[in-house]
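Here is the structure we will look at.
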Number of protein chains: 2
Amino acid sequence: MSRSTFYHAGCPVCVSAEHDIVSLVGEENVDIVHIGEDKTQIAEAERSGVQSVPALVTPNGNVLHINFGASLEEVKG
Amino acid sequence: MSRSTFYHAGCPVCVSAEHDIVSLVGEENVDIVHIGEDKTQIAEAERSGVQSVPALVTPNGNVLHINFGASLEEVKG
């Protein structure tokens with residue numbers, strides 16, 4: 001299986017969802033990207049279609065917005 | 001791994017998310033429940049904390065609301 005990318009911003013909702021996703025999908029199948037700490041990744045997330053975090057971009061490019069932690073605009077600050 | 005439960009109501013957003021979740025988690029690890037067709041399951045979904053569909057209830061009881069198809073109130077009709 002190709003890898004997914006999980007985008008988050010360190011918020012409690014994000015951390016909780018991260019644990020769930022890693023547990024469900026398997027740590028070896030998902031890259032975790034903290035766009036609050038590494039803001040250079042925000043543009044890449046936007047190009048992938050991410051509108052809010054936490055979000056999971058699947059290997060086929062679909063975006064699953066999971067619960068709601070923060071919009072990308074809020075992360076940009 | 002214990003099984004998760006994926007609640008949906010047949011909407012396009014739900015069907016798309018279902019394919020993604022089954023692909024990510026594995027068909028053998030998730031029960032699919034269509035609460036639009038089997039409305040007796042709505043109460044169980046609510047007890048699990050589901051507020052909208054599609055949603056995934058993880059083995060440890062957390063609820064991941066994925067994107068947004070419809071609120072449970074809308075499914076009740």
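Bear in mind these aren't lab numbers, they're just calculated from the coordinates by the rules spelled out. Everything numeric here is computed off the predicted structure, so don't read it as measured data. Please note: Cβ atoms are built from the backbone with ideal geometry, for glycine as well, and neighbour counts cover all protein chains shown.
Points to keep in mind about this one:
- Residue among A:His65, A:His34, A:His19 with the largest mean-square fluctuation in a Gaussian network model of chain A, springs linking Cα atoms under 10 Å: A:His19
- For A:Arg3, net neighbour charge (Lys/Arg +1, Asp/Glu -1) across residues whose Cβ lies under 10 Å away: -2
- Karplus (6.51, -1.76, 1.60) ³J(HN,Hα), θ = phi - 60°, over the range B:72-77, in Hz, Gly and Pro reported as x: 4, 4, 5, 5, 4, x
- Three-way shape call for the range B:36-77 based on the alpha-carbon gyration tensor, with the a/c threshold at 1.5: oblate
- Put simply, the amide H of A:Val30, placed in the peptide plane, has neighbours under 5 Å in A:Ser4, leaving out anything fewer than 5 places away on its chain.
- Lysines whose Cα lies under 28 Å from that of B:Lys76, excluding same-chain neighbours fewer than 8 positions away: B:Lys39
- The protein assembly as shown: calculated mean residue ellipticity at 222 nm from DSSP helix runs of at least 4, using -39500 (n - 2.57): -9000 deg cm²/dmol
- Chain A - share of DSSP beta bridges that are antiparallel (%, nearest 5): 60 percent
- In this structure, the amide hydrogen of A:Asn67, modeled 1.01 Å from its nitrogen in the peptide plane, lies closer than 5 angstrom to those of B:His65, B:Ile66, B:Asn67, counting only residues at least 5 positions away or on a different chain.
- Calculated FRET efficiency for the pair B:Glu73/B:His19, C-beta based, R₀ 22 Å, to 0.05: 0.30
- Residue by residue along A:62-69, Cβ atoms of other protein chains within 10 Å of the local Cβ number 5 on average.
- When both bridge partners sit in the protein assembly as shown, DSSP labels roughly 65% of those beta bridges antiparallel.
- 14 Å beta-carbon shell around A:Val13, net charge (K/R +1, D/E -1): -3
- If you sort the three axes of the alpha carbon gyration tensor as a ≥ b ≥ c, you get a/c of 1.5 or more for the protein assembly as shown and a/b above b/c, which makes it prolate.
- Total formal charge among the other residues, if their Cβ is under 13 angstrom from that of B:Ile66, Lys/Arg +1 and Asp/Glu -1: -3
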